Amino acid sequence: MSSSDQLRSILIAGVGNAWLRDDGFGGEVAQRLSSAELPRGVAVMDAGTGGLDLAYEVMRGYDGLVILDVSRQGGEPGTLYVMDIEEESIDAGIEDGQQINPHAMDPKTMLRFVRSIGAWPGRVVVIACEPAEVEQMGLGLSQQVQAAVEQAVELVLETAAEMRAGAALGAAE
């Protein structure tokens, strides 16, 4: 059994609301990836706004998680960001006064839930796009965000390959 066989898998999850224009970025990238040829052990999920569904999927046990979302960082619309999320940076547990609404779980809340039950998926990376329009209802991505989708697909594939290589290296040690 080679070390790459020991690697369980990497989940790529698009999140967001397609009815809020650029918030549909994650789902659009996930859709493109689902029709691409992916390496063995890489799964794609369009989680939409179903954070609880995503949490349950993560709990199956993955070596890595890539979340596709929009994020306002102050750059030009269409700018892509890659952010490693350290487990320690996410609060664990549900303290007094804090609630987890299963019908409104954003990625951070989903990760808090997953961490609190001890199901952290190894390495977690967020690939996010600076949105142009997310405040008003409407279908379809803005031109700037649509133009970033293909680049995001390539970035996700590179990131997944890097995560698989890193996890296989870790398994071999």
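The values are calculated or read from the model by the stated rules, or taken from the named source; none is laboratory data. Computed from a predicted structure; not experimentally measured. All Cβ positions, glycine included, derive from the backbone under ideal geometry; neighbour counts span all protein chains shown. Only protein heavy atoms, including side chains, enter the accessible area calculation; ligands, DNA and RNA are left aside. Shrake-Rupley method; radii C 1.70, N 1.55, O 1.52, S 1.80 Å.
Restricting to the stretch 51-67, name every residue that is open to solvent by 20 Å² or more (accessible area, probe 1.4 Å) and either farther than 18 Å from residue 164 by Cα or under 10 Å from the mean Cα position of the chain (by Cα) (or both). Can you show your working first?
Our first condition is that a residue be open to solvent by 20 Å² or more (accessible area, probe 1.4 Å); within the stretch 51-67, this holds for 52-53, 56-57, 59-63.
Listed by number, the residues that qualify are 52, 53, 56, 57, 59.
Residue-wise test of (1) modelled with pLDDT of 90 or more; (2) out of contact with any strand residue (DSSP E or B) (no Cβ under 6 Å at 6 or more places or on another chain); (3) small (Gly, Ala, Ser).
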{"site": "28", "(1), (2), (3)": "yes, yes, no"}
{"site": "48", "(1), (2), (3)": "no, yes, yes"}
{"site": "64", "(1), (2), (3)": "yes, no, yes"}
{"site": "67", "(1), (2), (3)": "yes, no, no"}
{"site": "82", "(1), (2), (3)": "yes, no, no"}
{"site": "89", "(1), (2), (3)": "no, yes, yes"}
{"site": "94", "(1), (2), (3)": "no, yes, no"}
From (1) in contact (Cβ under 8 Å) with a residue 40 or more places away in the chain; (2) assigned to a helix (DSSP H, G or I); (3) open to solvent by 20 Å² or more (accessible area, probe 1.4 Å), pick out the condition that doesn't hold for residue 38. (2)
Which of (1) more than 15 Å from residue 12 (Cα to Cα); (2) open to solvent by 20 Å² or more (accessible area, probe 1.4 Å); (3) free of Cβ contacts under 8 Å to residues at least 60 places away in the same chain does residue 162 not meet, given it meets every other one? (1)
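Would you tally the residues in the stretch 39-80 being among the small types (Gly, Ala, Ser) and within 18 Å of residue 159 (Cβ to Cβ)? Step through it out loud before you land on a result.
Restricting attention to the stretch 39-80, the residues satisfying the condition of being among the small types (Gly, Ala, Ser) are 41, 43, 47-48, 50-51, 55, 61, 64, 71, 74-75, 78.
Checking the rest, the ones that are also within 18 Å of residue 159 (Cβ to Cβ) come to 41, 43, 47, 64, 71.
Total satisfying the criteria: 5.
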Out of the stretch 22-35, which residues are open to solvent by 60 Å² or more (accessible area, probe 1.4 Å) and either closer than 11 Å to residue 49 by Cα or touching a residue at least 60 places away in the same chain (Cβ under 8 Å) (or both)? 32
